[in-house]
Every structure is written in structure tokens, then in C-alpha cells.
Amino acid sequence: MLEIESLVVAAGNFRLRDVSLMVAPGECHAVLGPSGSGKTTLLEAVLGLLTPEKGCIRLAGTDLTRLPIEQRGLGYVPQQLGLFPHLSVRDNLAYSARARGIPQAKFQPLLKQLVEAAGLGNLLDRFPATLSGGERQRVGLVRALVSQPRLVLLDEPFAALNENLRRELWWLLREWQRERQLTILLVTHDLAEAYFLAEQVTVLLDGRVAQQGHKAEVYAYPATAEVARFLGVETLQPGRVVSVRDGLATVEVGSVQLTALAPQDLGEDVLVSIRGEDVILQSARGAPTSARNVLVARVVGIRPATPLWCVELDAGFPLLALVTRPAAEEIGLSPGAVVVACIKAPSVHLIGRSAPPRSLALGSASSLSPVPAARDSAARR
Amino acid sequence: MNLRRSTIAAAISVLILYGGLLASLGCFLDGAAVWQAARSERTWSAVRLSVGAATLAATLAVALAAPAAYALSRYPFRGRELVDTLLEFPIIVSPAALGAMLLIFFNTSAGDWIQEHLLQFVFSFAGVVLAQFVTVLGVAVRVLKASFDAVPIELETVARTLGATPRYAWFTITLPLARRGLMAAFILAWAKALGEFGATITVAGTMPMRTETLPVAVFLRLASADLEGTVALILVLVTIGFAALYVTRRLLGRAVDA
């Protein structure tokens, strides 16, 4: 288990402030954040390249803070992979065994197993420069895993690959992670990558933890406007809570009122966050729906994209919906058309505008949820 | 004139300059003088001394420059800027002044003690090596630093996560990847040491068969107005220099490509 506790690290003018996170054994934890948010600084502190000013890093109960890199038991795959260009694939893979003085007979079985699983058998005598991007990636992963690390650190290792190859390697890594119960700390700015590979995520913004929790929870219920923006929430509009009754809040947004799950400790002024895929569009003559929020909306614009189309709506406030191409064609979406937009109450997430950021407890995912009732609802969905 | 033509013209002018200088030797080339110089034991002694001292000085310079350049490339430490600036010292100060400074040092009590208890430098072969070593060290460090700068730190970090100690990572990753720089530093230091004159003559003097290197021999022939002899020795110096550089490049180049 990796435990990072109240970590303060300086890197030039940048400072990572009071960062805490926990990665359970056999779990993949993603650290998400835009460029300059402190992801690399955090990784460098775990690696041992930066010495923390405060706080500590423990791995399986051992304090790593003052331990040399080679004694930390880490496997590291950087963005550029760090393959040794002057060594063959075979020598790259055997490097850890040689560096640690492990006899061939002891590490060969695992190496053989991983080489076969990664399909590297016929590449062993090649040099990194002669490999394709995907092959290099596999060599980087196998080399990190063959040293049997207690923690694998991945620094955006798939960033340079095309979409197909990236997804192929996501599957491979997820399979290995589950089969071998790898404990992984993944640093990425790619939400899709984090969502696919990790269970728990930490969002870092400006050197601080902005939100932590299960990926579905963080995705659906961003704790602050900044997190919502970073996670690409399609609709983020100011609103005012006009009443709260039976756990439901009525919120005035633009010229309409929406029903949302009522969070605790929220002021009157809120930001209304709605994911595009949670907006169900129907034709004006569509069948009745059980959704709490049924809005008559006019199509302002359509932006065809893959895999979903983005539909700009005027529903009394600017609303964005994501629909599949067949759905858009079935409804007959076109600019100026009038449609019905249905949004379930749990999908209307309220973010306090004046409330201070929620305090985050180390490793306690349940305490991180901004909306407990909504979390339960999300779990049921 | 476009950029391509003007840059090629500049390159050709370099050839004309050095080629012209070499061609001018032909005006005073005397076959008998060359033959005599080639057969002279004194010439061969100067050749042995020059090649031996240059090889030793370049080897020592690269051996010290490699770790020093690595420190300058990787670690922030007190005095780093000063060391970096002092690398230019042998270039700024003339070789004769550098030699004079060495002589002055050996006249201090510390220098005296070294000469008495460790090694005699003044007017000796060791003095030739020392003068050349001091002259070429800065260049070797400068070339090697650029070479280490080009090796990504990330590779060393990965090596360390794979269990390598800093020393093991240096010998197995950094040094092999900087081998072109090592080769360049050695060749440059060796060539510079072979042609070194000012510091050598100041520290080691001009004793035939003992401290007389080829450049010193050239100077002595010229000082005695023996132009044919001078040309003959220059040709020996140029031939040895080019031949040695060619062989070194071939040998080390093969090692680099392997």
C-alpha cells in the first residue's frame, strides 16, 4: 500500500501543498491534472528525485522519504519510456536483474512469461530505435514489471501513441494489473485513460488536491467549479437554490427551475453542473418520461463529432447534450428544431459557489463525496 | 549569393587557408633534408616524446574531465559557476603564461615539496606531460559536459528504479551513451597536446632527447634559420598528427558503432 501524507514539495518556484493520497495493494490510482498542476512533482517525490519539505511517503509500511531510489522497490515507466538505446531489448529487460545481481535462473521464468504475454519473443535482439511505438511501450512495461516492483509508477506512458494503439495497451495493462494484482500510480491528464485504468482518482489543481474518490463519483460530482471545468463538464451554469424539501432542491437556472438532489451545507448560490450524456433528448411528441426535469428546448447548433454529437440547446439557459448519431437522426435534430430535454434529478449536480473546498480525509473515499445521497444513486445506476 | 552558396564558400575558404599554408611548405621542401630528418635519432626521440606525452596528457585529462564534466552537468554545487568559467582559463591565458604560472608554482614551498617528495616536473618528461595536461584539461571538460548534457537524466532515473546504484548507472548507461563525447574529447585533447609549444618549452625547456617535443624542435630549427629542416620537421609533425587522428577515429569510431 502506498500512503502519501501531507506532502509538501518544492520544485523551483512551484510548490506541491499538503498532498495526501492512498493506493491500496493491487489497485490502480490515477492522479489527474492539467499541465503545471504538480503531477510530475508528486511523481518525482515518490521516485526520490525531490526531497519533501514536509510529510511522508510510505510503501508497504516503509518510510521512503529518505530512501535512495534503487531501494524503493519501484517500477517506473516515463512518458518517453526511458529505454536504453545502446542496449538490445534483451539487455534492457535483463538490466534490473544484472543491477541487483540476481542470477539468470531466478528471473528468467518471470521474464519469459512476460515476454510471451507481451508478444516480444521475436524482438529480443533488436535495439529500441528499430521498434515501433507500440513495441517500445511493451518493452518499457515489461522491463518495469520484471523487476517485481512493489509499486508501478506510470507517467503518461501512452501519450505519444495513436488512439488504437493506446486503447490496445490500456487493455493489456488492465489485464496485467488485475492478473498480477499490480499496485499502480498513474499520472495523466487524460480523463479517458484514468477512467479506463484506475479505480480511484485524485485531481490535482495548482499543487493541491482538488478532489479524490472513486472515478465514477469524481466524474459525476466534481467538488468545485475548477474540477468541473478540468473534467470537461458540458454545462456549468450559475443558479440559486429557492427551496429544499425531502432531500430535493429546487434551483433557479436562467428562466427555468430544475430539481436536483439537495446536498448538505450548500449556500443559496450554486453552480449547476450537468453532464452532456445525462441529457436525454426526445422529439416534442415523445413518450412521457420519469425524469424530474423535462424542459422544452430549442436547438441552437449541432457539432458532429466522434463518438457523440454535441447539441447546443436553449432550454431557458444554455444546455449542452451529447447524443449518438443515430439518435440525432431519429429525433430529426436541426438548428431551430424544438425538442424535449429530460434530466434526472441525480444528474443535476450542485456545486457551492461560496463554500470553501471540502476537506479531504486520507484514503477515505466515502468522506470525499460531495453528495452522499447522489453517490448512492450513482451506485444504483 | 544565396545561403547555400555563401556557406559553402566559407567552407572552401577554410580549405584554401589551411591548404595554402601546407602548400607553401613546398617552396622550401628539400628531399635530402626530409630524408635526413627522418633518419635522425633526435627527430625520432622528439616524435616518441611528443606522441607519448600527448597520449598520456590526453588520457589523464579525459580521466579527470569525465567525472568533473558529469558533476557540472548534473549536480548543483557551490562553486559550480566558478569551475565552469575557469574551464576557459587555458584559452584566455596564453600557453607561455600558463607555463610560467606552473614554473612559479614549483617555486613555492608546496611546489618545492611536490618536486622533492613526489615527482620532478621542471625540465623533465613529467613537466612536458603536466604542461600539456593543464593546457587541454579545460577543453576536455567542456566537450564532455556537452556530451553528458545530451544524455537524458530520465535514463539514469529509470536505471536507478531498476536497482542500479548511481555508480552502476553511470558506468552502464551514462558513460556508454556519452562515448562519442569521450572520443571527441580524447581526440581533441590529444591533437591539442601534440601541437602544444608555449607551456611545454616554459616548464620543460628544450633538452634534446629529454624534453624536446616536435613543436619545440620545429622552433629550434627555425631559430637557427634552417628553413629546410623546419619544413621537414613540420611535415613529420603533420604526417604523424593526421595519421594518428585517422587511426584513432577509425578505431574509436568502430567501438562507438559496435
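Tabulated data
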{"item": "A:Glu27, sole failed condition from (1) under 21 Å from A:Gln181 (Cα atoms); (2) in contact with a Pro (Cβ under 7 Å, 6 or more places away or on another chain)", "result": "(2)"}
{"item": "Unique match (being within 22 Å of the chain's Cα centre (by Cα), modelled with pLDDT under 90 and surrounded by fewer than 20 Cβ atoms within 10 Å (Cβ to Cβ)) among A:Gly36, A:Gly61, A:Gly26", "result": "A:Gly36"}
{"item": "Residue, farthest from B:Phe219 (Cα to Cα), within segment B:173-205, restricted to residues that are facing chain A (nearest Cβ under 10 Å) and open to solvent by 40 Å² or more (accessible area, probe 1.4 Å)", "result": "B:Leu177"}
{"item": "Matching residues in segment A:69-114 - criterion: being open to solvent by 50 Å² or more (accessible area, probe 1.4 Å) and either closer than 30 Å to A:Ile4 by Cα or in contact with a Gly (Cβ under 8 Å, 6 or more places away or on another chain) (or both)", "result": "A:Gln71, A:Gln79, A:Gln80, A:Arg100"}
{"item": "Residue match in segment A:92-103 (condition: hydrophobic (A, V, I, L, M, F, W, C), within 24 Å of the chain's Cα centre (by Cα) and within 27 Å of B:Pro76 (Cβ to Cβ))", "result": "no"}
{"item": "From B:Trp190, B:Trp170, residue being aromatic (Phe, Trp, Tyr) and closer than 30 Å to A:Ala99 by Cβ", "result": "B:Trp170"}
{"item": "Qualifying helices (runs of 4 or more DSSP H) (wholly inside segment B:84-139; at least 3 residues being basic (Lys, Arg) and within 22 Å of the chain's Cα centre (by Cα))", "result": "none"}
{"item": "Every residue from segment A:155-173 that is away from chain B (no Cβ under 12 Å), modelled with pLDDT of 90 or more and touching a Phe, Trp or Tyr at 6+ places or on another chain (Cβ under 8 Å)", "result": "A:Trp170"}
{"item": "Scope segment A:322-346; condition basic (Lys, Arg) and not in a helix (DSSP H, G or I); matching residues", "result": "A:Lys344"}
{"item": "Members of segment A:44-79 found to be touching a residue at least 60 places away in the same chain (Cβ under 8 Å) and over 15 Å from A:Arg150 (Cα atoms), listed by number", "result": "A:Pro78, A:Gln79"}
{"item": "Test set (1) open to solvent by 20 Å² or more (accessible area, probe 1.4 Å); (2) in contact with a strand residue (DSSP E or B) (Cβ under 7 Å, 6 or more places away or on another chain) - A:Pro288 fails condition number", "result": "(2)"}
{"item": "Test: residue in segment B:47-64 that is open to solvent by less than 80 Å² (accessible area, probe 1.4 Å) and not in a helix (DSSP H, G or I)", "result": "no"}
{"item": "Any chance A:Phe127 is closer than 24 Å to A:Ile69 by Cβ and out of contact with any Phe, Trp or Tyr (no Cβ under 7 Å at 6 or more places or on another chain)", "result": "no"}
{"item": "Residues within segment B:20-46 that are closer than 19 Å to B:Gly241 by Cα and crowded, with 18+ Cβ neighbours inside 10 Å, tallied", "result": "3"}
{"item": "Any pair with Cβ under 6 angstrom, 6 or more apart, that starts in segment B:143-168 at a residue that is facing another protein chain (nearest Cβ under 7 Å) and ends at one that is assigned to a loop (DSSP other than H, G, I, E, B) and open to solvent by less than 50 Å² (accessible area, probe 1.4 Å)", "result": "B:Glu154/A:Pro78; B:Glu154/A:Gly82; B:Leu155/A:Gly82; B:Val158/A:Gly82; B:Leu162/A:Ser147"}
{"item": "Residue match in segment A:126-142 (condition: open to solvent by 20 Å² or more (accessible area, probe 1.4 Å) and touching a residue at least 60 places away in the same chain (Cβ under 8 Å))", "result": "no"}
{"item": "Enumeration of residues in segment B:141-155 that are open to solvent by 20 Å² or more (accessible area, probe 1.4 Å) and either within 17 Å of A:Ser88 (Cα to Cα) or outside any helix (DSSP H, G or I) (or both)", "result": "B:Ala150, B:Pro152"}
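The values are calculated or read from the model by the stated rules, or taken from the named source; none is laboratory data. Given the structure is predicted, the values throughout are model-derived calculations rather than measurements. Positions of Cβ are backbone-derived with ideal geometry, glycine not excepted, and every protein chain shown enters the neighbour counts. Heads up: the accessible areas ignore ligands, DNA and RNA and are worked out on the full protein's heavy atoms, side chains in. Shrake-Rupley method; radii C 1.70, N 1.55, O 1.52, S 1.80 Å.
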